[in-house]
Amino acid sequence: MVVYFQFARNFQNNQISSEMIIQNRIPLIGHILRRCHQQAIEINARKDNLTAYFGKWPETEQKEFRQHMRIIADFISEPEEQQLHEEIEPYMSRLRYEFDHWDDAIHGFRETERKKWFPKNREVLERVRQVAFDGAIMPYVHILDLAPDGVIKPHVDSTRYCGNTISGISLLSDSVMRLVRTDEQRYQQQSPGTATQPTSQGSEPDAAYRHQPEAPLKNNFYADILLPRRSLYIMSHTARYNFTHEILSKEHSQFRGTLVPKTRRISIICRNEP
Ligand code: OGA
Ligand code: MN
């Protein structure tokens, strides 16, 4: 306000100069910078609040994990969530939830892949591509619809079908994702086609996409991540290779001791090339 009145007065008196404009704006720029800085601090604080660490984490491991497991709350708006849901629902609602193979990594789900999207939704995916993948993303987007009593059991995505980064937008429900440290060497990405493939467990073809290694909680370190509805997670490098990931069942869906009600959840998952 003060800046504006001073500016108006000078303007009326024909005393305006470019230095004056810059000088008058300095407090305003300072104010904007302070606001940005404050917002960055708040966003970081919020991000940290979405991760709870358990067990004895070596300091370097935790630092790396923080960089490679990013959660962006409110990545999409409510209208964007609705638009995505509207595009998916007509196809998805015709499939039936699969509960049959208890060996499989996912239980109580239906899924599809989609390449062509409505323009509005294409914009959202373009944002994912920029933010999570530096522009390099696989053309097919994976859509996973988890029933209210569905569960994703601990697994590591196959290095044969998926590169170093996996991202997911959560629609319709909050949920808790748990990442448990597993055997370091086993899933390290080597040159394409040479990554160590553990023997398959569970029934094909699920076992080919999702390996279920032993990663006991006891004497292990792990993290629980609160995935709010409309958030984006970006799981890469160490978080993607050295940890199993899972979505806790509704009975176990707790974060920092508070129940996180898990209803039907749709995730829109993007991956990069192996
Ligand atoms: C998967 C998976 C996580 C999610 O499909 O392999 O881990 O966010 N999905 O739905
Ligand atoms: Mn997975």
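The values are calculated or read from the model by the stated rules, or taken from the named source; none is laboratory data. What you are looking at is a predicted structure, and each value in this text was computed from that prediction instead of being measured. Glycine gets a Cβ as well: all are built from the backbone with ideal geometry, and neighbour counts include every protein chain shown. These area figures cover heavy atoms from the full protein model, side chains too; ligands, DNA and RNA do not enter into them. Shrake-Rupley method; radii C 1.70, N 1.55, O 1.52, S 1.80 Å.
Among the residues of segment 232-274, write down those that are β-branched (Val, Ile, Thr), closer than 13 Å to residue 151 by Cα and in contact with a Pro (Cβ under 7 Å, 6 or more places away or on another chain). Step through it out loud before you land on a result.
So the first thing to find is which residues in segment 232-274 are β-branched (Val, Ile, Thr), and the list is 234, 238, 244, 247, 258, 260, 263, 266, 268-269.
Now narrow it down to the ones that are closer than 13 Å to residue 151 by Cα: 247, 263, 266.
Within segment 232-274, 263 is the sole residue that qualifies.
Between a first residue in segment 134-159 that is closer than 11 Å to residue 269 by Cβ and modelled with pLDDT of 95 or more and a second residue that is more than 13 Å from ligand 1 (Cβ to nearest atom) and of a type in the set (A, V, I, L, M, F, W, C), which pairs have beta carbons less than 6 Å apart while being 6 or more apart in sequence or on different chains?
143/88
Just checking, which of 129, 70 is under 16 Å from the mean Cα position of the chain (by Cα), in contact (Cβ under 8 Å) with a residue 24 or more places away in the chain and more than 25 Å from residue 222 (Cα to Cα)?
Values: 70 fails: more than 25 Å from residue 222 (Cα to Cα).
Of the residues listed, the single one that is under 16 Å from the mean Cα position of the chain (by Cα), in contact (Cβ under 8 Å) with a residue 24 or more places away in the chain and more than 25 Å from residue 222 (Cα to Cα) is 129.
Would you mind stating whether residue 91 is without any contact (Cβ under 8 Å) to a residue 40 or more places away in the chain, touching a Ser or Thr at 6+ places or on another chain (Cβ under 8 Å) and away from ligand 2 (no atom under 13 Å from the Cβ)?
Working: without any contact (Cβ under 8 Å) to a residue 40 or more places away in the chain: yes; touching a Ser or Thr at 6+ places or on another chain (Cβ under 8 Å): yes; away from ligand 2 (no atom under 13 Å from the Cβ): yes.
So residue 91 passes the test.
Step by step: first the residues of segment 137-170, then only those that are over 16 Å from the mean Cα position of the chain (by Cα) and under 15 Å from residue 235 (Cα atoms), then the one that is nearest to ligand 2 (Cβ to nearest atom). Which residue is that?
155
Each row is one residue, and each column tells you yes or no for (1) within 16 Å of ligand 2 (Cβ to nearest atom); (2) open to solvent by 70 Å² or more (accessible area, probe 1.4 Å).
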{"residue": "208", "(1), (2)": "yes, no"}
{"residue": "217", "(1), (2)": "no, yes"}
{"residue": "225", "(1), (2)": "yes, no"}
{"residue": "230", "(1), (2)": "no, no"}
{"residue": "235", "(1), (2)": "yes, no"}
{"residue": "241", "(1), (2)": "yes, no"}
{"residue": "259", "(1), (2)": "no, yes"}
{"residue": "268", "(1), (2)": "yes, no"}
{"residue": "271", "(1), (2)": "yes, no"}
